[in-house]
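Working notes, beginning with the structure itself.
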Amino acid sequence: MSASSRSARVAGPRAQSDAFSQAIYQSLRGQIIDGHMQPGSRLPTERALAARFRAARNTVRKTMTRLVQEGLVVRHVGRGTFVAEAAGASAGRPHDGAAYSLTEILEARLLFEPGLAELVVERASDEDLLALTSHLEALKAARTWYEFKEAKYALHLAIARASRNRFVEDMFRRIVASRRRSGWDRPGGHPLPVSAVREAALRDNVAIVEALARRDAQAARELIRTSLLRTLLSISGS
């Protein structure tokens, strides 16, 4: 049994529901704040979100209620759930609109992201670590490049958030916002089918999450560094 699976069993069904709800909430909220989901755009259905995150429908419904209460989305009976017209302004969008190359971003991530392992191991709760498994499920279920990129960056943002350092979290939000503005593009496009890249990314990230779940900072640090370096080398040769 993997470390993440053991964590899920120990935490119990209520903690698992709360963790998955938090993962869905952060993913949707991030897309709204970053402007990827524009005011008036329709959110995926509860059924689609439940399938993407491998979560129960009532977990998704609880997340939607939280977004409604925060004024980020509105529900229309018979039509669906939509991004509120004033969502971006009410959330206080922090980004300056700057665009950076993927190489620049990966170089910067190599400088600080491996070091997050120590903070996460020291500060993250069991629920924080359990929430990471929901993002792994979304990554595993990704069928398009958009779903793959959203799931992967949502996982990395959740790891940054688990460090309990708001500056680091905000910095990573800016990274995600920059990648979204570029349409998740990369030099040379996407020559491989998403399934091939997804499986490699899933292996890397499962190993990272399991190292964090057993609170092995040294292993997590090296796994994060290796994964980022591999990606940087792959685009350098494209």
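The values are calculated or read from the model by the stated rules, or taken from the named source; none is laboratory data. Keep in mind the model is a prediction, meaning the values are calculated, not measured. For neighbour counting, all protein chains shown are included, and Cβ atoms are generated from backbone atoms with ideal geometry for every residue, glycine included. Protein only, heavy atoms only, side chains kept; ligands, DNA and RNA dropped before computing areas. Shrake-Rupley method; radii C 1.70, N 1.55, O 1.52, S 1.80 Å.
General remarks:
- Gyration tensor verdict on region 119-208 (Cα atoms; rounded if a/c is under 1.5, prolate if a/b is larger than b/c, oblate otherwise): oblate
- Spin-label pair A141-L232: with each label point 7 Å from Cα along the Cα-Cβ axis, the two points sit 3.3 nm from one another.
- Estimated inter-spin distance, V74 and S17, nm [label 7 Å along Cα→Cβ]: 3.0 nm
- Average accessible surface for region 39-182: 47 Å² per residue, computed with a 1.4 Å probe over protein heavy atoms with every protein chain in place.
- Which of E199, E104 is most accessible, then next, and so on - probe 1.4 Å: E104, E199
- Set against the 2.2 N^0.38 Å expectation for a compact globular protein, region 100-148 has a Cα radius of gyration ratio of 1.46.
- Sequence-distant aspartates and glutamates (8 or more away, or on other chains) whose Cα lies within less than 13 Å of K140: E150, E199, D204
- Extension gain, N165 to A196: 0.36 nm times the residue separation minus the Cα-Cα distance gives 7.8 nm.
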